[in-house]
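In what follows, a single structure is set out as structure tokens and then discussed.
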Amino acid sequence: MKTFTIAVIPGDGVGGEVIPQGKRVLERVAQKHGFNLAFQDFDWGAAHFFRWGRMMPAGAIDLLQPCDAIFLGAVGHPEIPDHTTLNGLLLPIRRAFDQYANVRPAYLFPGVDSPLAGKKDIDFVVVRENTEGEYAQVGGFVYHLQPEEVAVQASVFTRRGVERIVRFAFELAVKRNKKKRVTSITKSNAQGYSMVLWDRAFQDVAAQFPDIETESLLVDAAAMNFIRRPESFDVVVGSNLFCDILSDISAIIIGSMGLAASANLDPLRRFPSMFEPVHGSAPDIAGKGVVNPLATILSGAMMLDHLQMADAAREVESAVGAVLAEGKVRTPDLGGSSSTAEVTDAVLEKLG
């Protein structure tokens with residue numbers, strides 16, 4: 001029987017509530033489909049920072065590397081600056097394992113209302129370059145903490161980095177076989193070097209996929225069109241910063257951040273990929289037992305798909321869809337009053 005080793009980092013806030021629910025679903029579907037999941041738990045995050053002064057131990061990457069995948073809950077604490085959180089745990093993992101493709105599906109499930117009145121057919125994927133670009137952390141301070149302080153922050157765009165994420169987007173459009181359209185997000189009217197390189201690379205890769213329709217949008221126009229015509233998008237590809245912002249828009253227009261899953265992928269499968277809900281640690285509702293577990297459960301389905309357990313992944317997605325379509329069991333973010341565990345129970349019932 002096939003066994004997959006899964007590193008589990010519940011992290012902070014609601015992460016400690018949703019990850020156990022996601023594990024319940026993963027264990028059930030693994031049992032049904034005849035494979036094992038060996039979970040290895042790591043208590044990294046804010047609590048580790050308060051005790052040791054860092055988000056994860058010095059040897060963290062070495063501990064994660066033998067695993068088949070990483071299942072992450074959330075990272076973030078009100079008393080820790082966000083840049084410390086991001087650079088202390090998430091970015092080191094993404095870079096060490098070359099998880100250059102961040103994938104965020106935006107699918108409006110039947111039975112769920114979008115905040116966009118009258119919109120029903122929302123089904124696209126945001127593909128975000130995940131290891132360089134605006135988040136490359138190249139720069140520094142001059143006259144640090146003095147009145148005349150200067151901060152320099154440089155973006156890094158490589159031809160290799162742009163081409164591989166754009167190619168991933170086109171290959172995903174072929175695999176999805178839906179609208180067969182890839183939309184490139186750019187800002188080359190104002191960023192005359194990095195985004196001009198992006199545009200050229202996009203055009204060169206697009207020429208190799210003649211059956212895929214293309215569109216290029218300035219990021220401000222894309223934000224507008226995510227609201228105005230979300231049904232027109234299929235696969236959207238952009239830089240680290242641009243698609244970080246746009247993917248949060250895509251998450252909320254499908255009804256709730258509590259439904260938004262994500263994957264940080266090494267498409268070449270050399271290293272473990274990481275799967276996480278996008279709602280963050282949500283300290284305002286942490287400990288209340290009302291956080292929506294479905295984004296975590298759907299992230300688990302993305303993990304199964306990456307592990308080539310496609311039938312199991314589709315069964316989890318179908319179970320989530322059935323629960324949402326019935327509309328009987330819902331957490332407060334979707335207008336209901338059910339608890340986190342009750343929603344998971346309903347998914348498990350659909351799984352049988």
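The values are calculated or read from the model by the stated rules, or taken from the named source; none is laboratory data. Everything numeric here is computed off the predicted structure, so don't read it as measured data. Please note: Cβ atoms are built from the backbone with ideal geometry, for glycine as well, and neighbour counts cover all protein chains shown.
Table for the structure above
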| item | result |
| --- | --- |
| Residue list for segment 214-273, restricted to those being among the charged types (D, E, K, R), in contact with a helix residue (DSSP H, G or I) (Cβ under 7 Å, 6 or more places away or on another chain) and outside the structural domain of residue 174 (by TED's automatic domain parsing) | none |
| Filter result for residue 263 (among the aliphatic types (A, V, I, L, M), within 28 Å of residue 330 (Cβ to Cβ) and either surrounded by fewer than 19 Cβ atoms within 10 Å (Cβ to Cβ) or touching a Ser or Thr at 6+ places or on another chain (Cβ under 9 Å) (or both)) | yes |
| Flag for residue 302 being among the hydrophobic types (A, V, I, L, M, F, W, C), farther than 13 Å from residue 22 by Cβ and either surrounded by fewer than 19 Cβ atoms within 10 Å (Cβ to Cβ) or in contact with a strand residue (DSSP E or B) (Cβ under 9 Å, 6 or more places away or on another chain) (or both) | no |
| Boolean, residue 118 is of a type outside the set (A, V, I, L, M, F, W, C) and surrounded by 22 or more Cβ atoms within 10 Å (Cβ to Cβ) | no |
| Residue satisfying all of: in segment 91-104; more than 17 Å from residue 241 (Cβ to Cβ) and out of contact with any Ser or Thr (no Cβ under 8 Å at 6 or more places or on another chain); modelled with the lowest pLDDT among these | 92 |
| Meets criteria (touching a residue at least 40 places away in the same chain (Cβ under 8 Å), on the phi < 0 side of the Ramachandran plot and of a type in the set (A, V, I, L, M, F, W, C)) for residue 242 | yes |
| Qualifying position, being farther than 30 Å from residue 160 by Cβ and touching a helix residue (DSSP H, G or I) at 6+ places or on another chain (Cβ under 9 Å), among 19, 70, 9 | 19 |
| Failed item, numbered, when residue 192 is tested on (1) buried (at least 16 other Cβ atoms within 10 Å of the Cβ); (2) not assigned by TED's automatic domain parsing to the domain that holds residue 298 | (1) |
| Residue match in segment 196-209 (condition: loosely packed, with under 12 Cβ neighbours inside 10 Å, modelled with pLDDT of 95 or more and more than 28 Å from residue 254 (Cβ to Cβ)) | yes |
| Any pair with Cβ under 6 angstrom, 6 or more apart, that starts in segment 270-291 at a residue that is at positive phi and ends at one that is part of a loop (DSSP other than H, G, I, E, B) | 280/76; 282/13; 282/14; 289/339 |
| Residue selected from segment 235-254 under the condition aliphatic (A, V, I, L, M) and part of a helix (DSSP H, G or I), by the criterion nearest to residue 113 (Cα to Cα) | 252 |
| Unmet criterion (only one of (1) surrounded by 14 or more Cβ atoms within 10 Å (Cβ to Cβ); (2) more than 18 Å from the chain's Cα centre (by Cα); (3) farther than 27 Å from residue 256 by Cβ) for residue 142 | (1) |
| Strands (runs of 3 or more DSSP E) fully within segment 131-234 counting 2 or more residues that are without any contact (Cβ under 8 Å) to a residue 40 or more places away in the chain and touching a strand residue (DSSP E or B) at 6+ places or on another chain (Cβ under 8 Å) | 133-142, 150-156, 213-218 |
